[in-house]
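Okay, structure first, notes after.
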C-alpha cells in the first residue's frame, strides 16, 4: 500500500507515524498548506528523508500512490473538493470526516456527486473512525446479527478527555466560561460531529423509519478545579460536553445515542444495549481510547476499500474491520 497523507494535524501525524510503524507500505506524498515545504520527517521522524510536504494536491505527484488518507475536517462541504480531486487522480480514499460516515443525511447532493465520481474512477471513498464509524453505529448494527427482532437500540460512550489531542479538547469546549460556551455552541463551533449520522446509519441498516429526530447538547461544568492540557479548568468552567441523539418511529423511540466527554470524567465506559429478541448488552468498562482507536480504524480500513465495488461506501459495505498487523520480516 503506497499512501498519501492529506492533513498533518495531530490525527494526521499520528496516523502517518503508525502507518510507517506497521511497515505495510511507504508514504509517497503528504499535503498540508500549514507545513508546505518542510520535510515530513520534521513531523513524522520515521518518514523518508527526501519527502517534503506539498501545499496542495495539485502540486503533488500521485502516480505512485494507491490510496489517500484524509484527516482535515469534520464536514462534507469542507472535504468535498479534496475528495473529488483525489478520486480524479484514481486514488482510493479513507477519511476521518465525521459527516462522511453517512453523508446522505445532511449532504445528499454532494454524496451523489462523490459516488458517481468514484464509480467513474473505479475507486472507493469511505468515512470512518471510532465514533462515528464503529462504536455507536457499525458495532450496534453488527450485534443485531443474533436477534430475531430489534425494537430499540441504545448506544453510549462516556470518556475521560484528559490527554486527548488539543483540537478535540477545544471542540468539546474545555476551559470556556458558560457564556462563551453557549455563544460558540450556537455558532456551531462547539460539539462532537457525527452523532446524527450514526443514528441514521443504524436506522437505515435496521430498516427503522425515522419520522423525527433530535440532537441535544449540554455543557459538563467542573465542580472543582481540574487540570487539562489547555491549562487549569476552574470551578464553574466547562470541562466537556454531553450530547444525545434520539430518533422516533411514530411515538416510539427506536434509537438513542449518548456521547459524553469531559476532562476528569469519573466513570468512562461504552455500551450497546439492544431491546431485542434475544436482548443483547455489550459493555466496555473504562471505555475505548478515542485517538488510538480512530487511528486504528482509519488504517485498518485502507485494505477494505480496495475489496468492495467502487463508489461512496459506508462501514456496512466493507468487510468487518480487523487489525492489520506489522508484516513479518
- Message: Against the definition (in contact with a strand residue (DSSP E or B) (Cβ under 7 Å, 6 or more places away or on another chain) and either assigned by TED's automatic domain parsing to the domain that holds residue 188 or buried (at least 17 other Cβ atoms within 10 Å of the Cβ) (or both)), how does residue 240 come out, yes or no?
- Response: yes
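One line per residue, one yes/no per condition, for (1) within 16 Å of the chain's Cα centre (by Cα); (2) within 17 Å of residue 306 (Cβ to Cβ); (3) touching a residue at least 40 places away in the same chain (Cβ under 8 Å):
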{"residue": "99", "(1), (2), (3)": "yes, no, yes"}
{"residue": "108", "(1), (2), (3)": "no, no, no"}
{"residue": "113", "(1), (2), (3)": "no, no, no"}
{"residue": "122", "(1), (2), (3)": "no, yes, yes"}
{"residue": "126", "(1), (2), (3)": "yes, yes, yes"}
{"residue": "130", "(1), (2), (3)": "yes, no, yes"}
{"residue": "136", "(1), (2), (3)": "yes, no, yes"}
- Note on the structure: Checking 125, 150, 94 in turn, the sole residue that is in a strand (DSSP E or B), modelled with pLDDT of 95 or more and farther than 30 Å from residue 62 by Cα turns out to be 150
- Message: Can you tell me which residue is nearest to the chain's Cα centre (by Cα) among those in segment 71-91 that are crowded, with 21+ Cβ neighbours inside 10 Å and part of a loop (DSSP other than H, G, I, E, B)?
- Response: 71
- Looking at 68, 58, which one is surrounded by fewer than 24 Cβ atoms within 10 Å (Cβ to Cβ), in contact (Cβ under 8 Å) with a residue 12 or more places away in the chain and either in a loop (DSSP other than H, G, I, E, B) or on the phi < 0 side of the Ramachandran plot (or both)? 58
- Matching residues, segment 25-55, being assigned to a helix (DSSP H, G or I) and buried (at least 16 other Cβ atoms within 10 Å of the Cβ): 35, 40
- Query: Using beta carbons and a limit of 9 Å, which pairs, at least six apart or on different chains, have the first residue in segment 203-224 and not assigned by TED's automatic domain parsing to the domain that holds residue 254 and the second one outside any loop (DSSP other than H, G, I, E, B) and surrounded by 17 or more Cβ atoms within 10 Å (Cβ to Cβ)?
  - Reply: none
- Message: Any residue that is in contact with a helix residue (DSSP H, G or I) (Cβ under 7 Å, 6 or more places away or on another chain), modelled with pLDDT of 95 or more and not in a helix (DSSP H, G or I) - is there at least one of those in segment 14-24?
- Response: no
- Message: Checking the structure you have, find out if any residue of segment 194-212 is closer than 22 Å to residue 292 by Cα and in a loop (DSSP other than H, G, I, E, B).
- Response: yes
- Item | Which listed residue is in contact with a helix residue (DSSP H, G or I) (Cβ under 9 Å, 6 or more places away or on another chain) and either closer than 13 Å to residue 134 by Cα or modelled with pLDDT of 95 or more (or both), from 302, 325, 298 | 298
- Query: Given the residues 143, 126, 100, 135, which is the only one that is surrounded by fewer than 24 Cβ atoms within 10 Å (Cβ to Cβ) and touching a strand residue (DSSP E or B) at 6+ places or on another chain (Cβ under 6 Å)?
  - Reply: 143
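The values are calculated or read from the model by the stated rules, or taken from the named source; none is laboratory data. Everything quoted here is computed from the prediction, not taken from an experiment. No Cβ is skipped: glycine too gets one built from the backbone with ideal geometry, and neighbour counts run over all protein chains shown.
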